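Undergrad: Shown below is the structure under consideration.
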Amino acid sequence: MVAQVIAVEPFDLVVFGATGDLAIRKLIPALYHRDADGQMPLEASIIGVSRRKLSSEAFRDLARQAIAEHVSAQDQTADAIARFLARLTYQPVDVTGEAGWQDLAASLAASTRILICYLSVGPDLFGPICDRLGACGLAARARVVVEKPIGTSLASARAVNDAIGRHFPESRVYRIDHYLGKETVQNLMALRFANALFEPLWNAAHIDHVQITVAETLGVEGRAGYYDTAGALRDMLQNHILQLLCLVAMEPPTSLAADAVRDEKLKVLQALQPLSHDQVRQSVVRGQYGPGASASGAVRGYLDELGHASGTETFVALRTEIANWRWAGVPFYLRTGKRLPARLSEIVVAFRPIPHSVFDTSAGPIRSNRLVIRLQPDEGVKLFLMIKDPGPGGMRLRRVPLDMSFAETFAVRNPDAYERLLMDVVRGNQTLFMRRDEVEAAWRWVEPILEAWAGADEAPRAYTAGTWGPTASVALIERDKRSWHEEMA
Ligand code: BG6
């Protein structure tokens, strides 16, 4: 089945930090795919910018390598690569100084195409770059794309947003949370709002609890410098996991218009029950991996990778509730961590037990229904139902999944989140991007946790690399007589 591809309007995309990790691993491969699929008009151009003095030819060589390394062999064709590379030029710019800005502005002066500035740089450079874009006249017509970390606290997030907002109105700011571009995350909206089946049950009367897990097998690899200043709460929970929670919990928006969806997400963030410092102690578990094992063999602990002492958490699990009519009393258990036994992201919606059993005890226990939305790997949706075990021998019941694997159902490549999000910027569609007030509301909720930890003078709990985090995370959910979804490993 081949999806219909509609070409976007002509654009100039300026990528600041064009030789950096994100550009090489994600942006260039994503743009190549969109081009190879026929979505880019002939006139679309991509301008790489960074401090390095490179020729356009040398930048094209970097892009060629990025495609060779990060695009699967079957998707690489000589024609598509040549067409894509021909779109690329390079401009050295000192983003905090004067050099290069006039040349950049001059190269874009005659263009009437949509102008996009992607700031694939650290957040400390967002403000200076926006100021320069303002000074050289480009900000007046550009859309700006930024990515987390947007601040490390509410105050610093406000400062970053103010710096951007001095030159760009909110309607031209695209804050990426790449989880929102994942196919299965968008499927969550399809599942909820394109089916009549779930919505009547989507509330505290029928749902017992919700679990959101984002588990990674990797450690901090080459990112220890950044990661140690962030930790799992800032790196994953404040953004990706809270965004997933919003999509699960929000009221049906009146349409998929950007503000219709973002208004509803904001209300969820505002309704999250604030955690007092005492509650943080009871309902939030933070961990740090020690030495252990991964699929590839023995691995070092976080402190060993880092080379110095640190109280930064590489794991966080917490229990929260949403104080509104739909969700009052329904716990949401959230957890994420590095060096866990499997790379696995999933949302588990656990329905309430049946009110009365008509079966004999010999039928076995009646387990409640679960809807499991698997983001990665093996994207798909499973609905766990009770059925009768086939064959003679009386009525014996068993819980089995009604299983839809996207790979098996649709024989198409699963596009990377950045492909979708980059084209949405060109289309001017902000639905999958975070609005300023959402980012700040998420920080407002997370901040007491950070404060409680800072004041507690307690180290994160150790866990062995390759396990599901500190045992306290199991205790957190078992205290409520529930358990983490079992199909995990
Ligand atoms: C990033 C985090 O935002 O998301 C990383 O900074 C994390 O620490 C990554 O590894 C996970 O993304 P994905 O798409 O691989 O699940």
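The values are calculated or read from the model by the stated rules, or taken from the named source; none is laboratory data. This one's a predicted model, so the numbers in the text were calculated from it and none came from an experiment. Here the Cβ positions follow ideal geometry from the backbone for every residue, glycine too, while neighbour counts run over all protein chains shown.
Undergrad: So which of A328, A317, A323 is in the same structural domain as L197 (by TED's automatic domain parsing) and under 22 Å from G469 (Cβ atoms)? Show your work before the answer.
TA: Working: A328 fails: under 22 Å from G469 (Cβ atoms); A323 fails: under 22 Å from G469 (Cβ atoms).
The unique qualifying residue is A317.
Undergrad: Okay, next question. Taking interchain pairs and intrachain pairs at least six residues apart, which have beta carbon atoms under 6 angstrom, with the first residue in segment 362-383 and of a type in the set (S, T, Y) and the second more than 16 Å from the ligand (Cβ to nearest atom) and not in a strand (DSSP E or B)?
TA: These pairs meet every condition: S368/P353.
Undergrad: Does A215 meet the test of being buried (at least 18 other Cβ atoms within 10 Å of the Cβ) and within 16 Å of the ligand (Cβ to nearest atom)?
TA: Details: buried (at least 18 other Cβ atoms within 10 Å of the Cβ): yes; within 16 Å of the ligand (Cβ to nearest atom): yes.
So A215 passes the test.
Undergrad: Mind listing whichever residues of segment 220-255 are hydrophobic (A, V, I, L, M, F, W, C) and either within 10 Å of the ligand (Cβ to nearest atom) or at pLDDT below 95 (or both)? I'd like the intermediate steps shown before the answer.
TA: Just the residues of segment 220-255 that are hydrophobic (A, V, I, L, M, F, W, C), to begin with: 220, 224, 230, 232-233, 236-237, 241-242, 244-250.
Result: V220, A224, A230, A232, M236.
Undergrad: Let me ask you something else. For segment 26-54: of the residues being among the polar types (S, T, N, Q) and closer than 25 Å to F126 by Cα, which is surrounded by the most Cβ atoms within 10 Å (Cβ to Cβ)? Lay out the reasoning, then the answer.
TA: As a first pass, look at segment 26-54 and keep what is among the polar types (S, T, N, Q): 39, 45, 50.
Then drop every residue that is not closer than 25 Å to F126 by Cα, which leaves 45, 50.
Numbers: S45: 19, S50: 23.
Out of the qualifying residues, it is S50.
Undergrad: Taking helices (runs of 4 or more DSSP H) that do not extend beyond segment 195-284, which have at least 1 residues that are small (G, A, S) and more than 22 Å from G301 (Cα to Cα)? Lay out the reasoning, then the answer.
TA: Details: elements: 224-230, 242-249, 258-271, 277-283.
So the answer is 242-249, 258-271, 277-283.
Undergrad: Here's something else I'd like to know. Restricting segment 338-359 to residues that are outside any loop (DSSP other than H, G, I, E, B) and more than 15 Å from Q376 (Cβ to Cβ), which is nearest to the ligand (Cβ to nearest atom)? I'd like the intermediate steps shown before the answer.
TA: Just the residues of segment 338-359 that are outside any loop (DSSP other than H, G, I, E, B), to begin with: 344-351.
Restricting the remaining residues to those that are more than 15 Å from Q376 (Cβ to Cβ) gives 349-351.
Values: V349: 20, A350: 23, F351: 27 Å.
Checked segment 338-359; the qualifying residue nearest to the ligand (Cβ to nearest atom) is V349.
Undergrad: Let me ask you something else. Output the residues belonging to segment 137-153 that are assigned to a loop (DSSP other than H, G, I, E, B) and surrounded by 19 or more Cβ atoms within 10 Å (Cβ to Cβ). Before the answer, list the steps.
TA: Keep residues of segment 137-153 that are assigned to a loop (DSSP other than H, G, I, E, B), which gives 137-141, 148-153.
Those that are assigned to a loop (DSSP other than H, G, I, E, B) and surrounded by 19 or more Cβ atoms within 10 Å (Cβ to Cβ): L138, A139, K148, I150, G151.
Undergrad: Cβ contacts < 8 Å: first residue within 13 Å of V71 (Cα to Cα), restricted to segment 406-422; second residue within 16 Å of the ligand (Cβ to nearest atom) and outside any helix (DSSP H, G or I), any location; separation 6+ or different chain. Result?
TA: Every condition considered, the pairs that remain are N414/E379.
Undergrad: From the set of residues in segment 167-191 that are surrounded by fewer than 17 Cβ atoms within 10 Å (Cβ to Cβ), modelled with pLDDT of 95 or more and not in a loop (DSSP other than H, G, I, E, B), which is farthest from the ligand (Cβ to nearest atom)?
TA: Result: S171.
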